[in-house]
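Remarks on the structure that follows.
The values are calculated or read from the model by the stated rules, or taken from the named source; none is laboratory data. If you're wondering where the values come from, they're calculated on a predicted model, not measured in any experiment. Counting neighbours? That spans all protein chains shown, and the Cβs are built from the backbone with ideal geometry, glycine included. To get the accessible areas, we keep the full protein, side chains included, count just its heavy atoms, and leave off ligands, DNA and RNA. Shrake-Rupley method; radii C 1.70, N 1.55, O 1.52, S 1.80 Å.
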Amino acid sequence: MELSTGNGLSIITWNTCGVKPTKRYPNKLIDIVNHLEKQKADIIFLQETRIGPNCYKETEKVRYWLFYFTVYSPSSKGVAILVNKKLKPHYEYICHDEDYAGGYIVLFCQMYGQLFTLVNVYNHKTDKKVLGRLSQYLQEMKIGTLVIGGDFNTVLDLDFDKRTASEHRRHTSLRPLLQSFISSLNLQDTWARLQPTEETYTLPVKSLDTPTHSRVFLYLYYFLHYRIIVKTSNL
């Protein structure tokens with residue numbers, strides 16, 4: 001994101017499929033954060049953190065980052081926003097708020113003298129209400145520049161955002177809800193504005209009979225005169 005001060009912010013979104021240690025990844029959360037730090041991230045949006053009441057201490061292992069997260073279930077949902085402590089001279093925390101069902105987290109802050117509302121969303125494929133709740137909340141509470149990122153489990157353009165048409169049905173139910181959400185807040189799809197013709201996907205699925213590629217991780221923003229530099233991926 002290019003600020004009016006001339007400074008830039010790099011925001012990366014990443015679906016973790018859970019941050020708890022596993023046999024394959026005994027230091028999974030630390031490994032993810034270290035990898036994204038190497039990508040020069042200033043702010044990280046994590047989805048599907050799956051942090052429950054008894055595993056939130058895993059976040060205390062992360063150094064050099066300010067960690068804001070939801071506590072919901074050890075088996076599903078959950079989101080987090082991480083802010084690199086290197087920003088601290090130019091970063092001021094105001095407050096943050098969480099969805100009671102682990103679907104989103106909202107961080108109100110000031111960076112380089114500008115107010116921001118940063119929102120990280122995980123729209124579970126069965127959740128038809130989270131975007132409606134979030135829209136109503138943001139219409140009343142947002143301040144400064146509104147930046148929304150996350151995993152929406154759907155795509156905006158069925159032809160451009162997917163390489164094959166075989167899974168269109170999976171996106172049918174959530175797509176109108178996302179479109180309504182975008183319209184209610186006058187949002188813009190950042191990647192589509194910056195790369196209007198480039199076919200780049202954030203979710204390759206190779207386990208199916210026919211491999212598919214989708215762009216289900218989106219960055220949306222409110223003020224058109226800001227340029228957002230984003231990277232998306234999942235593990």
#### Entry: Which listed residue is touching a His at 6+ places or on another chain (Cβ under 9 Å) and closer than 29 Å to Lys128 by Cα, from Cys109, Cys95
Cys109
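Applying the selection to the stretch 77-100, what residues are over 25 Å from Leu9 (Cα atoms) and surrounded by 17 or more Cβ atoms within 10 Å (Cβ to Cβ)? Break it down stepwise before answering.
If we filter the stretch 77-100 for residues that are over 25 Å from Leu9 (Cα atoms), which is where we start, we get 77, 99-100.
Lys77, Asp99 - these are the residues of the stretch 77-100 that are over 25 Å from Leu9 (Cα atoms) and surrounded by 17 or more Cβ atoms within 10 Å (Cβ to Cβ).
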### Cβ pairs under 8 Å, 6+ apart, first in the stretch 126-152 and of a type in the set (Phe, Trp, Tyr), second part of a strand (DSSP E or B)
Tyr137/Asp97; Tyr137/Val106; Phe152/Val121; Phe152/Phe217; Phe152/Leu218
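Among the residues in the stretch 113-124, are any free of Cβ contacts under 8 Å to residues at least 60 places away in the same chain, over 14 Å from the mean Cα position of the chain (by Cα) and open to solvent by less than 10 Å² (accessible area, probe 1.4 Å)?
Taking the stretch 113-124 and keeping what is free of Cβ contacts under 8 Å to residues at least 60 places away in the same chain, we get 115-117, 119, 123-124.
Narrowing the set further to residues that are over 14 Å from the mean Cα position of the chain (by Cα) leaves 115-116.
Adding the requirement that they be open to solvent by less than 10 Å² (accessible area, probe 1.4 Å) leaves 116.
Taking every residue of the stretch 113-124 in turn, at least one turns out to be free of Cβ contacts under 8 Å to residues at least 60 places away in the same chain, over 14 Å from the mean Cα position of the chain (by Cα) and open to solvent by less than 10 Å² (accessible area, probe 1.4 Å).
What residue, among those in the stretch 125-145 that are open to solvent by less than 40 Å² (accessible area, probe 1.4 Å) and farther than 20 Å from Ser73 by Cα, is modelled with the lowest pLDDT? I'd like the intermediate steps shown before the answer.
Within the stretch 125-145, the first condition is being open to solvent by less than 40 Å² (accessible area, probe 1.4 Å), and the residues that meet it are 127, 130-131, 134-135, 138, 144-145.
Filter once more, so that each one left must be farther than 20 Å from Ser73 by Cα: 135, 138, 144-145.
Numbers: Ser135: 96, Leu138: 96, Gly144: 94, Thr145: 91.
Top of the filtered list is Thr145.
Please state which one of Val79, Val33 is among the aliphatic types (A, V, I, L, M), within 18 Å of Val130 (Cβ to Cβ), out of contact with any helix residue (DSSP H, G or I) (no Cβ under 7 Å at 6 or more places or on another chain) and in contact (Cβ under 8 Å) with a residue 12 or more places away in the chain.
Only one candidate passes the filter, namely Val79.
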### Task
Run Ile105 past the list (1) under 19 Å from Gly18 (Cα atoms); (2) part of a strand (DSSP E or B); (3) open to solvent by 60 Å² or more (accessible area, probe 1.4 Å) and report the number of the one that doesn't hold.
(3)
### Task
Considering only the stretch 4-18, state which residues are among the small types (Gly, Ala, Ser) and either in a helix (DSSP H, G or I) or within 20 Å of Gly78 (Cα to Cα) (or both).
Gly18
### Message
Tell me whether the stretch 11-32 contains one or more residues that are touching a strand residue (DSSP E or B) at 6+ places or on another chain (Cβ under 9 Å), open to solvent by 10 Å² or more (accessible area, probe 1.4 Å) and more than 15 Å from Tyr122 (Cα to Cα).
### Response
no
### Task
Of the numbered conditions (1) in contact (Cβ under 8 Å) with a residue 60 or more places away in the chain; (2) surrounded by fewer than 17 Cβ atoms within 10 Å (Cβ to Cβ); (3) farther than 25 Å from Lys129 by Cα; (4) of a type in the set (A, V, I, L, M, F, W, C), Ile43 fails exactly one; give the number of that condition.
(2)
